[in-house]
Amino acid sequence: LFMNLEDDSSLGVEIMDYVEVEEEVVEEEAIPFQLVEEKPSFQGGDANQFSKWVNSRLEYPEIAKENGVQGRVTLQFTVEKDGSVTKVKVLRGVDPSLDKEAVRVVSMSPKWSPGKQRDRAVPVTYTFPAVFTDTVTTLTNSAGYKIYNVFEGARFVKFQIQEGVGDHMSNDFP
């Protein structure tokens, strides 16, 4: 049985010209890494360097001091491809005044050197604790000076008082 398809238009296939359709470009938000080949670095150091930077800038809110509020505010932030710190948020707060202060300081961070994966800069997410305490420890050194180590908020203050010499306070340590 042989059939001729050229004569019957209902059995044939219509050939159309190719029409080009513009493809919609959808930009997906990059998912930040938690583990990378090369971690971001802060001012040539690591996360400890950043911790020192934060602690030197945290100011214990007066209202929290007056109410005896202290504790650890756990933050999360992302170091972006360009080294900027974004998406700072409180994961576990202590008190609104402490939470706000921790977010304020971390948000004003200078740029980091970004993290890298396969030699390409990538966003990296960090979890960071900001500790607010109000404690004093006392030691006596060999020269007879009482050394007071004071943690006021997150800021470390150290001073000494020489026994028997009146109210002599100094930051010059023998």
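Throughout, read-outs are computed from the coordinates displayed, never taken from laboratory work. Please read all numbers here as calculations on a predicted model, not as lab measurements. In this analysis, Cβ positions are derived from the backbone assuming ideal geometry, glycine residues included, and neighbour counts consider all displayed protein chains.
For the range 43-130, the Cβ-based charge dipole about the Cα centre amounts to some 380 debye (Lys, Arg positive; Asp, Glu negative; other atoms uncharged).
Could you tally the net charge around W112, taking each other residue with its Cβ under 15 Å from the Cβ of W112, Lys/Arg +1 and Asp/Glu -1? Mind showing how you got there, number by number?
Values: positive: K39, K52, K81, K87, K111, K116; negative: E38, D46, E80, D82.
Here the count lands on +2.
Derived scalar couplings between HN and Hα for the range 48-58 equal 5, 4, 5, 4, 4, 4, 4, 4, 6, 10, 5 Hz in order, rounded to whole Hz, by the Karplus curve 6.51 cos²θ - 1.76 cosθ + 1.60 (θ = phi - 60°), x for Gly and Pro.
Computed from phi, the 3J(HN,Hα) profile of the range 41-46 under the Karplus parametrisation 6.51, -1.76, 1.60 (θ = phi - 60°) reads 10, 10, 6, x, x, 10 Hz, with x in place of Gly and Pro. Using θ = phi - 60° in the Karplus curve 6.51 cos²θ - 1.76 cosθ + 1.60, the 3J(HN,Hα) couplings for the range 72-85 round to 10, 9, 9, 10, 10, 8, 10, 8, 6, 4, 8, x, 6, 9 Hz; x is entered for Gly and Pro.
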